[in-house]
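The structure appears right after this line, and notes come after that.
The values are calculated or read from the model by the stated rules, or taken from the named source; none is laboratory data. All values derive from a computational prediction rather than experimental measurement. Positions of Cβ are backbone-derived with ideal geometry, glycine not excepted, and every protein chain shown enters the neighbour counts.
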Amino acid sequence: MSTVEEMAQFVLLWDLVHGVVLNGEDDRIIWKFTADGLYIAKSAYEIQFRGSYCSFKPGYLWSAYAEPKHCFFSWLLVQEKILTADKLQARNWPCNPMCLLCKIAPESASHICLQCPYAQHVWDLVQSWSHDLVRKPDANSTIEDWWTDSLQSMPKEQRRTKAAILIYTVWNLWNERNRRTFQGKEAEPLMVLQLIKEEIGLRLRACGKPCVP
């Protein structure tokens, strides 16, 4: 290494390798553009057009029982436009590439909200509290697929309430990430659940709707 840039790349690589946990399974190839990880020609064809048009249908989001700022955040999140570490790195901005919620994987929008063990714990709590109205997301789903699949084939009022729970859950996961990043403070999943319940309760009462049990 003869330059500062090379040394910085080495430190970044060291952090990434240090976070890898190996097990006894053989390596296998996974196609990341299908839910089951198997390659199909259709997915390879469709991926060529990703980014050329918006496939996200935001109607369910904007009609949710949630404040506009929370809806707007979720609109950005579903399209993976929030400034997570992977986005900052793509812009060559200095940042910690690892997820501060679990400290074992690189940070991305889908990881923070769906895949992170900390997030999965929070979703378990939300599922129990909501009596299975909201279920823990499949860690292999994309954010857009998770959002769309969660709200299909539901009565309008129930869908608006469920959408609000999804929105306030991801909002508070993002806030927890920011607390750890900028304030050095950490909250247990139960505390995050309490914040979710308080915010949803306030919003539903403001809309004249019954609170979730």
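So, of the residues in the stretch 6-20 that are surrounded by 12 or more Cβ atoms within 10 Å (Cβ to Cβ) and part of a helix (DSSP H, G or I), which turns out to be nearest to the chain's Cα centre (by Cα)? Working first, answer last.
Narrowing the stretch 6-20 to residues surrounded by 12 or more Cβ atoms within 10 Å (Cβ to Cβ): 8-9, 12, 15-16, 19.
Then drop every residue that is not part of a helix (DSSP H, G or I), which leaves 8-9, 12, 15-16.
Details: Ala8: 28, Gln9: 27, Leu12: 23, Asp15: 22, Leu16: 20 Å.
Among those that are surrounded by 12 or more Cβ atoms within 10 Å (Cβ to Cβ) and part of a helix (DSSP H, G or I), it is Leu16.
In the list Arg159, Arg203, which residue meets the criterion of being closer than 17 Å to His131 by Cβ, charged (D, E, K, R) and buried (at least 17 other Cβ atoms within 10 Å of the Cβ)? Walk me through it before giving the result.
On the way: Arg203 fails: closer than 17 Å to His131 by Cβ.
Of the residues listed, the single one that is closer than 17 Å to His131 by Cβ, charged (D, E, K, R) and buried (at least 17 other Cβ atoms within 10 Å of the Cβ) is Arg159.
Out of (1) modelled with pLDDT under 85; (2) not in a loop (DSSP other than H, G, I, E, B), the odd one out for Met1 is which?
Met1 satisfies every listed condition except (2).
Criterion first (in contact with a Gly (Cβ under 9 Å, 6 or more places away or on another chain) and either surrounded by fewer than 18 Cβ atoms within 10 Å (Cβ to Cβ) or of a type in the set (A, V, I, L, M, F, W, C) (or both)) does Lys103 satisfy it? Spell out the reasoning first.
On the way: in contact with a Gly (Cβ under 9 Å, 6 or more places away or on another chain): yes; either surrounded by fewer than 18 Cβ atoms within 10 Å (Cβ to Cβ) or of a type in the set (A, V, I, L, M, F, W, C) (or both): yes.
Criteria met by Lys103.
In this structure, is Trp123 loosely packed, with under 15 Cβ neighbours inside 10 Å and not acidic (Asp, Glu)?
Values: loosely packed, with under 15 Cβ neighbours inside 10 Å: no; not acidic (Asp, Glu): yes.
The answer is no for Trp123.
Just checking, does the stretch 28-41 include any residue being on the phi > 0 side of the Ramachandran plot, in contact (Cβ under 8 Å) with a residue 60 or more places away in the chain, over 19 Å from the mean Cα position of the chain (by Cα) and loosely packed, with under 13 Cβ neighbours inside 10 Å? Show your work before the answer.
Taking the stretch 28-41 and keeping what is on the phi > 0 side of the Ramachandran plot, we get 37.
Checking which are in contact (Cβ under 8 Å) with a residue 60 or more places away in the chain leaves us with 37.
After this cut, where a residue has to be over 19 Å from the mean Cα position of the chain (by Cα) as well, the list is 37.
Narrowing further to those that are loosely packed, with under 13 Cβ neighbours inside 10 Å: 37.
So far as the stretch 28-41 goes, yes, one or more of its residues are on the phi > 0 side of the Ramachandran plot, in contact (Cβ under 8 Å) with a residue 60 or more places away in the chain, over 19 Å from the mean Cα position of the chain (by Cα) and loosely packed, with under 13 Cβ neighbours inside 10 Å.
Only one of Glu199, Glu157, Glu176, Glu188 is of a type in the set (Asp, Glu) and under 16 Å from the mean Cα position of the chain (by Cα). Can you tell me which? First the steps, then the outcome.
Working: Glu199 fails: under 16 Å from the mean Cα position of the chain (by Cα); Glu157 fails: under 16 Å from the mean Cα position of the chain (by Cα); Glu188 fails: under 16 Å from the mean Cα position of the chain (by Cα).
Within the list Glu199, Glu157, Glu176, Glu188, the selection yields Glu176.
Suppose we filter Val170, Val134 for residues that are surrounded by 17 or more Cβ atoms within 10 Å (Cβ to Cβ), touching a Phe, Trp or Tyr at 6+ places or on another chain (Cβ under 9 Å) and in a loop (DSSP other than H, G, I, E, B); which single one remains? Give the steps one after another, and end with the answer.
On the way: Val170 fails: in a loop (DSSP other than H, G, I, E, B).
That would be Val134, the only listed residue that is surrounded by 17 or more Cβ atoms within 10 Å (Cβ to Cβ), touching a Phe, Trp or Tyr at 6+ places or on another chain (Cβ under 9 Å) and in a loop (DSSP other than H, G, I, E, B).
Anything in the stretch 158-172 that is farther than 18 Å from Pro68 by Cα and either modelled with pLDDT of 95 or more or charged (D, E, K, R) (or both)? List them, or say none. I'd like the intermediate steps shown before the answer.
The initial filter retains those residues of the stretch 158-172 that are farther than 18 Å from Pro68 by Cα, namely 158.
Answer for the stretch 158-172, where residues must be farther than 18 Å from Pro68 by Cα and either modelled with pLDDT of 95 or more or charged (D, E, K, R) (or both): there is none.
Restricting attention to the stretch 137-151, does a residue exist that is farther than 30 Å from Phe33 by Cβ, out of contact with any strand residue (DSSP E or B) (no Cβ under 7 Å at 6 or more places or on another chain) and either part of a helix (DSSP H, G or I) or in contact (Cβ under 8 Å) with a residue 40 or more places away in the chain (or both)?
Filtering the stretch 137-151 down to residues farther than 30 Å from Phe33 by Cβ leaves none.
No: zero hits.
In contact with a helix residue (DSSP H, G or I) (Cβ under 8 Å, 6 or more places away or on another chain) and either closer than 25 Å to Cys211 by Cβ or of a type in the set (Phe, Trp, Tyr) (or both): which single residue out of Ser108, Ser128, Ser150, Ser141 fits that description? Write out each step before concluding.
Working: Ser108 fails: either closer than 25 Å to Cys211 by Cβ or of a type in the set (Phe, Trp, Tyr) (or both); Ser128 fails: in contact with a helix residue (DSSP H, G or I) (Cβ under 8 Å, 6 or more places away or on another chain); Ser141 fails: either closer than 25 Å to Cys211 by Cβ or of a type in the set (Phe, Trp, Tyr) (or both).
Checking each option against the conditions leaves just Ser150.
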